Amino acid sequence: MKYALVHEWLTPKATGGSELVVKEILHHVDADLYALIDFESNNPESYLYQRQIGKTFLQHFPFARNGIQKYLPFLPLAIEQLDLRQYDVILSSSHAVAKGVLTTADQLHICYCHSPMRYAWDLTFDYLRSSQMGNGVAGWVTRYLLHRLRQWDVLSANRVDYFIANSHYTARRIWRCYRREAKVIYPPVNVAEFPFSPHKEDFYLTVCRLVSYKQVSLIVKAFNQLQRPLIIIGTGSEMKQIRQLANSNIQILGWQPDDVVKKYMTKAKAFVYAACEDFGIALVEAQACGTPVIAYGVGGATETVRDVRSYKDTGTGIFFKMQTQAALVEAVEKFEMYQDALDPEYMRSHAAEFSPQNFAKRYLDFLDQCHQQKPNLAG
């Protein structure tokens, strides 16, 4: 049988959890790869270097390499231009429009859904607030386009035979948006690549993109009040604002290569995270280093972190229940009361549950199940 794997975009800046899923699938499934745009096959440092990758007309749009999201209204049209009729099985890795490829009745389409399209659903109002197109007449046009995008998103969900979600939280969102059930298979985390150490230094750490929904400004305000040392690694549209907010106890390092990130993650007293994530790979990476996590206790974090107040012998961190400065300050103070009860060795073994090997087994087993339920494809 012939397989096609469809992802949204492949660029040097796209290095998150969804790209790890694509990489791991390609390790185990002989599939042709397609995307809206591709700037990785000509990148000598990429595992996709010199690979033949199918693309859409968006490849030739100005500045597409630096953020195709600016062409949001064109994404559904573009993904529908991929002609995949020669394939028996379509595998999509979708957080926006990849699941919307056109398929035939004889094809099997299995979608690994990282999230229903955030721009159209959960982050609609953040998108409008941060966009120059969110106000005035342009704002009403944008709202209408997002309305039509939601309609297309629900319609295109009917083109998927089986959904896989990256967490139970995402599975509930898939049900809410599409009224479709999803099999939960956690994404792969390269646990073995993160150095482990039980010995920590006296600083806290956060690593993420500096954009509004990551709530880094909230972390900065809390640590200004706490006057504890905090290191921030990452870059993004809120960099200037965060630099202006931060007191002298906070270091902002900007973007850093992987080896530097791992060094700080291994030495940090705790990893702090204030965003609501569908899964949250960075939280697992921190635990792989034996570093406990202080996280907003909503979304995927509740499936990867064990609050020491509920798991006294197997705790890996502590949650705060509201995205407020006061709640985070209280969580850090509670963490310092409980930190001696946290076992770095257990954190490492807990993180290993999300290894690439476990992902591959669960993913391939589910593919087999889907094939068995569509026996006509075996011929």
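The values are calculated or read from the model by the stated rules, or taken from the named source; none is laboratory data. Model, not experiment: these values are computed from the prediction. In this analysis, Cβ positions are derived from the backbone assuming ideal geometry, glycine residues included, and neighbour counts consider all displayed protein chains. Accessible surface areas use protein heavy atoms only, side chains included; no ligands, DNA or RNA. Shrake-Rupley method; radii C 1.70, N 1.55, O 1.52, S 1.80 Å.
The table below gives the values:
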{"quantity": "Hits in the range 284-334 (condition: within 20 Å of residue 215 (Cβ to Cβ), of a type in the set (Asp, Glu) and more than 21 Å from the chain's Cα centre (by Cα))", "calculated": "307, 330, 333"}
{"quantity": "Residues that are in contact with a strand residue (DSSP E or B) (Cβ under 7 Å, 6 or more places away or on another chain) and farther than 17 Å from residue 90 by Cα, drawn from the range 21-55", "calculated": "37, 38, 39, 40, 41, 48, 51"}
{"quantity": "Answer residue from the range 60-102, given it is part of a loop (DSSP other than H, G, I, E, B) and over 22 Å from residue 4 (Cα atoms) and is modelled with the lowest pLDDT among those", "calculated": "67"}
{"quantity": "Whichever residue in the range 248-263 is in contact (Cβ under 8 Å) with a residue 24 or more places away in the chain and under 19 Å from residue 222 (Cβ atoms) and, among such residues, is farthest from the chain's Cα centre (by Cα)", "calculated": "249"}
{"quantity": "Which numbered condition residue 120 misses (of (1) surrounded by 21 or more Cβ atoms within 10 Å (Cβ to Cβ); (2) without any contact (Cβ under 8 Å) to a residue 40 or more places away in the chain; (3) touching a His at 6+ places or on another chain (Cβ under 8 Å))", "calculated": "(3)"}
{"quantity": "Unmet requirement for residue 248, which otherwise passes all of (1) among the hydroxyl-bearing types (Ser, Thr, Tyr); (2) open to solvent by 50 Å² or more (accessible area, probe 1.4 Å); (3) modelled with pLDDT under 95", "calculated": "(3)"}
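For every residue, the table says whether it meets (1) crowded, with 21+ Cβ neighbours inside 10 Å; (2) in contact with a Ser or Thr (Cβ under 8 Å, 6 or more places away or on another chain); (3) in a loop (DSSP other than H, G, I, E, B).
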{"site": "1", "(1), (2), (3)": "no, no, yes"}
{"site": "8", "(1), (2), (3)": "yes, yes, no"}
{"site": "25", "(1), (2), (3)": "yes, yes, no"}
{"site": "36", "(1), (2), (3)": "yes, yes, no"}
{"site": "43", "(1), (2), (3)": "no, no, yes"}
{"site": "46", "(1), (2), (3)": "no, no, yes"}
{"site": "58", "(1), (2), (3)": "no, no, no"}
